[in-house]
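Quick notes on the structure that follows.
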Amino acid sequence: MLTETTVKPLILVDGSNYLYRAYYAIAGLSNSRGFPTNAIYGFTNMLLKIIRQWDPDHMAVVFDLKGPTFRHELFPEYKATRRATPDDLQLQIPRIKEVIRGLAVAIIEKQGIEADDIIGSLARREAQKGISVIIASGDKDFMQLVSPRIILVDSMHDKTYDQQAVRERFGVEPEKVPEILGLTGDQSDNIPGVPGIGPKTAQRLIEEFGSISELIASVDRVRNPTQRKLITQYAEQATLSRDLAIIRTEMPLDVSLQDCRLGEPNRVALNELFKEFEFSALLQEFKLQDRDLDGNYRLIADRKDFQSLLAALEEAGALALEIIADGPPTQAHLHGLAICLEPGQACYLVLDKDHPASPAVPADFILSELTRVINDDRIKKYGHDLKTVATILAQAGMKPTGLSFDSMVAAYILNPTRRNFDLDEVARDCIGRKVISRAELLGEGARAVTFNRIDWDRQKNYACQRADAVMTLVPALSARIQEGGFGTLFSQIEMPLMMLLAKMEAKGVLLDSAALRNISQDLDRLMALTEKKIYQLAGERFNINSPKQLQTILFDKLKLARGKKIKEGYSTNVDILAQLAKNHELPAEILLWRGMAKLKSTYVDALPQLINPKTGRLHTSYNQTVTATGRLSSSNPNLQNIPIRTEEGRRIRQAFVAPTNWLILSADYSQIELRVLAHLSQDANLIETFHAGEDIHSRTAADVFDVFPELVSPEMRRQAKVINFGILYGMGAFSLAKELGVTQKTAQEYIDGYFAKYPRVKGYLEGILAQARKLGYVSTLFNRIRYIPEINSANATTRQFAERAAINSPIQGTAADLIKMAMVKIARRLEASQLQAQMIMQVHDELIFEVPLTEGEYLASMVKTEMEEVVPLAVPLKVDIAMGKNWDEAHS
């Protein structure tokens, strides 16, 4: 083993081995333009791990070049069974080499000489000179080279092989490893070996005879007759296999130790590469962002300074804002506000009335004077998460207008699948600059502090730096949006929607807390009865929330069929319990109890705690930059998971109420995704069905089951509905069979029957998959992009998931675009007509309004028109409208 006192070693990295290991270790990583980066990221980190661990002075990465070698002359089938390099890996290989060069690591590759022989020749040559050598690879073949001065390191598994470790692995000295491989063969290289001879037998034979040559010469001494026969029959093959496995260590190489000298990294080149690949962690670790934001940031210290700022603001065409506040937006405690008028110049206004030190300029005065600027739509406002900015400023009595560019929304449009939309990540990736994150300033977890514990100078630096970053980001992101053809999506859909969502969040919805308390009590009683029944069926009491105890009851005591094996035993998840419930009552009762418990904790008991004491309303947060398809989601609370069809879910919706003399109006798109599919596929039969006003599920049932429409039963319609939506979500025969409870053959017949009736749907879906495989992305009718680099993954599970996403995203994303466009149009109509009615919620394909009794009829007509006529499609859009005193009545 090498020790700390050993001279720094020469490290030889098996580049080809690392390529494939990195590629398969990380699935689906790509940058915002859809270029695959999984192998690049994995390889870079593996290389850096070696450099950090060994701190070498000399290092080289050795690659294979395509083309025959002497081994192919010996055995033409050598490596013939290896699969072709995946296309998405092939794309990354040149870029990996750019990273290696950027790290100032030598690259060695020779036509006609395998990487193994290059490494072997260099390692032996330098070891003979007294240099210690580390071979970095996961390939066991290199164990034959291990010696007092050569070790093998498998960094991926943190394993190091010296002579003793090789002896433990193969049972022989390192130089005897090819003899073992000659008998066992090597499947990865298509080295045949001797059929029927495994590792243990090979080890025993080589221990006894010393070599394959001696074994063949003394085959009569082999005691086992079967082995004796095999060795005699395959003697020539064994010798060939050993010769193929031997790494040649005397190859002529014009590479010196000095050629492998590790230099200083080219930080400029790496900066550009890591920015392109969007490796934010590597950018941060290498501190390659040489242009950290360090502008002229000042605190507004007196009235004169403030008046000068006001004058500049009123003359400004645009400004970037950063709010410093604690708490949820509708209840936020405002600490300060940073304003940037031009890159590198920003100022900070203290607005915290409760700060231990008194502000030089009173907060009330600042807010009063700033109002005319914030409310002036002639002055463009930029920000990162402007929806939150607008909501907090609205709480301070302002009516923000001119909100024209949100860098978070822009980054989302450019790549909705990126991992993080925080300003520090976006700034690092898009303009190569470091911005202090909230966690860096305030800390995380138990040690986190609030802004009032941070002095004004640090608040100033943090807020001004972020406002400055936004001002710098705007032109960069604007250019990319225009280049990508996303201008309409950004400026006419997402930005107007952002302002509407801020108003919806600020308005909130009324909640009947007394009704929820009654539901909670009822659920307590129902859960107690269900719990009692569970214990009766189990024959004993146990902790229903304990998966371990439930496993014991179901699988050990009741002997029910075990399903998926997990670390803690056998799974008791929803799918497993649903399957078991077909044959036993206990799993069904467990599911019922779990459902009630989740409803109670998530909604019934939690919702009243979220009511804002100042407004008396519930204020959810709408997330505009979360889903990959463009759909909105909500949080705190999540209103989209309230069950629609269960009695308990309906009762929860009944607690969402209208004020006195007002109504709740619900407008719900009917089967919008299927209508979008009809438009995108241009299937004549599907289009005709919708134009005829037929029930699509009954029509599909009649077609798939080959019956007259009048003979379609409720069960047939239910199955047809599953088929319809299964097609939308790329469901195959296996999943459909599981969902319908039929055989896979029957499920495939249903799918075939569907496509026979709607042939252009099949063609459309196949075209989408082909586009995704070729371009790496899919898009909606309105050019919303979703990158799906995993579509070409060699991993079947990963690839199939990507295929389902590719099929569903254009359909679900187009439906999301339609309802967003309708929301924007309706909001403008409401504002223009000066109605009191307001949009208060959006849940999937449904819009919910609060409307005075006197405006109900007009609003219903207007909303229906705007939603149904939002964009002309090949099929009519249909909207179901209903009104009531609560959400459930309006949803019925």
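Against the chain, whose longest principal axis is taken from its Cα atoms, helix 856-868 shows a tilt of about 30°. Gain on full extension, evaluated as 0.36 nm per residue between residue 376 and residue 236 minus their Cα-Cα distance, stands at 41.5 nm. For residue 403, the residues whose modelled amide H falls within less than 5 Å of its own, excluding neighbours fewer than 5 places apart on the same chain, are 381. Non-local lysine pairs in region 730-881, meaning eight or more places apart or on different chains, with alpha-carbon distances under 20 Å, amount to 8. Within a straight-line Cα-Cα reach of under 25 Å, residue 304 can be paired with the following lysines, leaving aside sequence neighbours fewer than 8 residues apart in one chain: 353, 380, 381, 460. Within region 102-224, DSSP assigns beta bridges of which about 60% are antiparallel (rounded to the nearest 5).
Sequence-ordered 3J(HN,Hα) estimates for region 94-111 from the Karplus curve with 6.51, -1.76 and 1.60 and θ = phi - 60° stand at x, 6, 4, 5, 4, 5, 4, 5, x, 7, 6, 9, 5, 10, 10, 7, 10, 4 Hz, glycine and proline given as x.
Report the calculated FRET efficiency for residue 302 and residue 644 (r = Cβ-Cβ distance, R0 = 51 Å), to the nearest 0.05. Efficiency for this residue pair is about 0.30. If you restrict to DSSP beta bridges whose two residues both lie in region 279-432, what percentage is antiparallel, to the nearest 5? Percentage antiparallel, nearest 5: 55. Spatial offset of region 441-510 relative to region 292-326 amounts to 17 Å, using the alpha carbon center of each. Extension gain for residue 691 to residue 868 (0.36 nm times residue separation, less C-alpha to C-alpha distance): 62.4 nm.
Taking every alpha-carbon pair under 8 Å whose residues sit at least 6 apart, region 613-753 reaches a relative contact order of 11 percent.
The long axis of helix 495-507 is offset from the longest Cα principal axis of the chain by roughly 60 degrees.
Split the accessible area of the chain by element, probe 1.4 Å, and carbon with sulfur accounts for 50%.
On the basis of the beta-carbon distance and an R0 of 60 Å, residue 614 and residue 107 show a calculated FRET efficiency of 0.40.
Rounded to the nearest 10 degrees, the inclination of helix 199-209 to the longest alpha-carbon principal axis of the chain is 20 degrees.
Per residue, the solvent-accessible area of the chain (1.4 Å probe, heavy atoms of protein chains only, all protein chains present) comes to 45 Å². Computed from these coordinates, which is Cα Rg over 2.2 N^0.38 Å: [x] 1.29; [y] 1.16; [z] 1.22? The listed entry that was calculated here is [y]. How far, in nm, would the chain grow between residue 420 and residue 857 when pulled straight, counting 0.36 nm per residue and subtracting the alpha carbon separation? Net length gain for the segment: 153.0 nm.
Under 23 Å of direct C-alpha separation, and excluding same-chain neighbours fewer than eight residues apart, residue 532 reaches these lysines: 548, 557, 559, 582, 598, 600. Simple rule: put +1 on each Lys or Arg Cβ and -1 on each Asp or Glu Cβ in the chain, find the dipole, and look at 813, 19, 638; the Cα lying farthest toward the positive end is 638. With θ taken as phi - 60° and the Karplus curve 6.51 cos²θ - 1.76 cosθ + 1.60 applied, the whole-hertz 3J(HN,Hα) list for region 127-138 is 5, 5, 8, x, 8, 6, 10, 10, 9, 9, 6, x Hz, x standing for glycine and proline.
Under the simplified labelling scheme, the residue 833-residue 660 pair shows an inter-label distance of 2.7 nm, with each label point 7 Å from Cα along Cα→Cβ. Kindly work out what percent of the DSSP beta bridges joining two residues of the chain are antiparallel, to the nearest 5. So the antiparallel bridges in the chain amount to around 70 percent.
The values are calculated or read from the model by the stated rules, or taken from the named source; none is laboratory data. Small disclaimer: the values here were computed from a predicted structure and weren't measured. Here Cβ is always computed from backbone atoms with ideal geometry, including for glycine, and neighbour counts include all displayed protein chains. Just the protein is used for accessible areas: all its heavy atoms, side chains included, with ligands, DNA and RNA removed. Shrake-Rupley method; radii C 1.70, N 1.55, O 1.52, S 1.80 Å.
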